[in-house]
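Since the structure comes first, as structure tokens, the remarks are kept for the end.
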Amino acid sequence: MTNVLGLPLDIAVARLEEEGYSVETAEVRSLKGVEDGDAQRVIRQAADKDRENTVRLVWARFRTAVETV
């Protein structure tokens, strides 16, 4: 299984599906949240122990655009 940690969610899902995996996703957020989050990045990846060829991805929203003053 390809390591997709840190990748944008859509790219991570596509790579794993190309390898024949079924992919489940879940979002996590901080209590404060991220204002103007512009990227969905994978922060956790695990094979489902109960279902063969299923991968669970946990993702969070990040702000990657640099602000200039």
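If R0 is 22 Å, the Cβ-Cβ spacing of I11 and R56 corresponds to a FRET efficiency of close to 0.85. Have a look at L57, S30, I43 and report the one farthest towards the positive end of the charge dipole of the range 9-62, computed about the Cα centre with Cβ charges (Lys/Arg +1, Asp/Glu -1). Projecting each Cα onto the dipole axis, the largest value belongs to S30. Less than 13 Å Cβ to Cβ from M1, Lys/Arg counted +1 and Asp/Glu -1: what total charge do the surrounding residues give? Neighbour charge sum, excluding M1 itself: -3.
Per-residue ellipticity at 222 nm from helix content only, as computed over the chain with -39500 (n - 2.57) for each DSSP H run of at least four residues, stands at -4500 deg cm²/dmol.
Taking the Cα centre of the chain as reference, the dipole from Cβ charges on Lys and Arg (+1) and Asp and Glu (-1) amounts to some 300 debye.
Every read-out reported here was derived from the displayed coordinates using simple, explicitly stated rules and does not represent laboratory data. Bear in mind that the values here come from a model prediction, so they are computed numbers and not experimental data. Every residue, glycine as well, gets a Cβ built from its backbone with ideal geometry; the counts of neighbours run over all protein chains shown.
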